[in-house]
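Trainee: Handing you this structure, nothing more for now.
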Amino acid sequence: MSPGKFISLEGGEGAGKSTQSRLLADALRARGLGVVTTREPGGTPGAERIRELLLGLDGEGWNPRAEALLFAAARSDHVERLIRPALAEGKWVICDRFIDSTRAYQGGGGGLDDEDIMTLHRIGSRGLLPNLTLLIEISPQVAAERLARRDGDEADRIGGRGADYHARVASAFERFAKAEPMRFARIDGNGAIEHTHQQILAALAPMLEHTP
Ligand code: T5A
């Protein structure tokens, strides 16, 4: 059996990653493919517990290094227990955030060195990278409107950081996409849900052509 494909969705808060992850999973299942959807931080019981430590509002929070270590630990469990086994069974894994979020948030936002983050990733997850990373990009105004509509004033510990932090995150994502154009597809997420979905299907088309 040939291994499945690993697709990650990346972008800032409110970009539409979860919405698009569901639509993409439905589209792939409709083609008869086996699909697993998952998210980070989380995806396994252990990683979900680390998610609570990272995003919960109790306690005094974490410095960027501690954050990066916790994300790497959560990811390690997720990769070893869920992602690699699903890929080995020939399934397509759609993951809402992966390593590029650590690079963008703890790296671009928090100031950690990208090489150090990738070293942690080699140790924790044996360097697993997605076959395709869909970077959904939206303007700060669109993000603010969507999140206000959905969450009111409530934000988690990382989502609630200032506009400067999120601007650094967005420009880090853009930098990664430019540096690795074969792995990344940049998707304009400002429009209607269906419009974004169609761009995602177009980005997957070459991969689907070679799938029996
Ligand atoms: N983090 C995570 C790190 O710092 N380092 C890491 O390594 C990792 C993995 C995760 C937090 O952790 C940080 C990043 C984050 O701050 P989370 O709760 O998982 O937190 O948050 P997000 O991943 O940002 O998820 P969100 O739900 O906020 O955003 P999504 O998934 O991009 O957006 P979605 O699909 O939920 O949509 C948001 C709202 O907009 C609507 C939806 O219906 C929903 O109400 N919407 C649209 N409305 C109009 N037009 C469209 N095109 C729309 N698309 C969606």
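Every number in this text was worked out from the coordinates using simple rules, so none of it is lab data. None of the values given here were measured: they were computed from a predicted structure. Because the Cβ atoms are built from the backbone with ideal geometry, glycine has one as well, and the counts that use them run over all protein chains shown.
Trainee: Provide the net charge surrounding GLN199, with neighbours chosen by a C-beta distance below 15 Å and charges set as Lys +1, Arg +1, Asp -1, Glu -1.
Mentor: Within the 15 Å Cβ shell, the charges total -2.
Trainee: Follow-up. For the stretch 47-157, what log10 I(q)/I(0) values come out of the Debye formula at q = 0.12, 0.15 1/Å, with one point per alpha carbon and no solvent?
Mentor: -0.50, -0.78
Trainee: Follow-up. Please give the Cα centre distance for the stretch 37-81 versus the stretch 181-195, rounded to the nearest Å.
Mentor: 26
Trainee: To continue, here is another question. Return the Rg/Rh value of the stretch 1-68, two decimal places, where both radii are evaluated on C-alpha atoms and Rh is the Kirkwood radius. Walk me through the numbers on the way to the answer.
Mentor: On the way: Rg = 15.5 Å, Rh = 14.5 Å.
Value, to two decimals: 1.07.
Trainee: Taking K and R as +1 and D and E as -1, what net charge do the other residues with C-beta under 13 Å from the C-beta of ASP151 add up to?
Mentor: Values: positive: ARG146, ARG149, ARG150; negative: GLU13, GLU145, ASP153, GLU154, ASP156.
Net of charged neighbours comes to -2.
Trainee: Pairwise over distinct Cα atoms, reciprocal of the mean inverse distance: report the Kirkwood radius of the chain in Å, one decimal place.
Mentor: Numbers: mean 1/r = 0.0572 Å⁻¹.
Evaluated on the chain, it is 17.5 Å.
Trainee: Which net charge results when you count Lys and Arg as +1 and Asp and Glu as -1 among the other residues whose beta-carbon is under 12 Å from that of ASP77? Before the final figure, lay out the partial values.
Mentor: Working: positive: ARG49, ARG51, ARG75, ARG81, ARG84; negative: GLU40, GLU48, GLU80.
Once all neighbours under 12 Å are counted, the net charge is +2.
Trainee: Still on this structure: Find how much the distance from ASN63 to MET118 grows on full extension, using 0.36 nm per residue of separation minus their present alpha carbon separation; answer in nm with one decimal.
Mentor: Contour length minus the Cα-Cα distance gives 18.0 nm.
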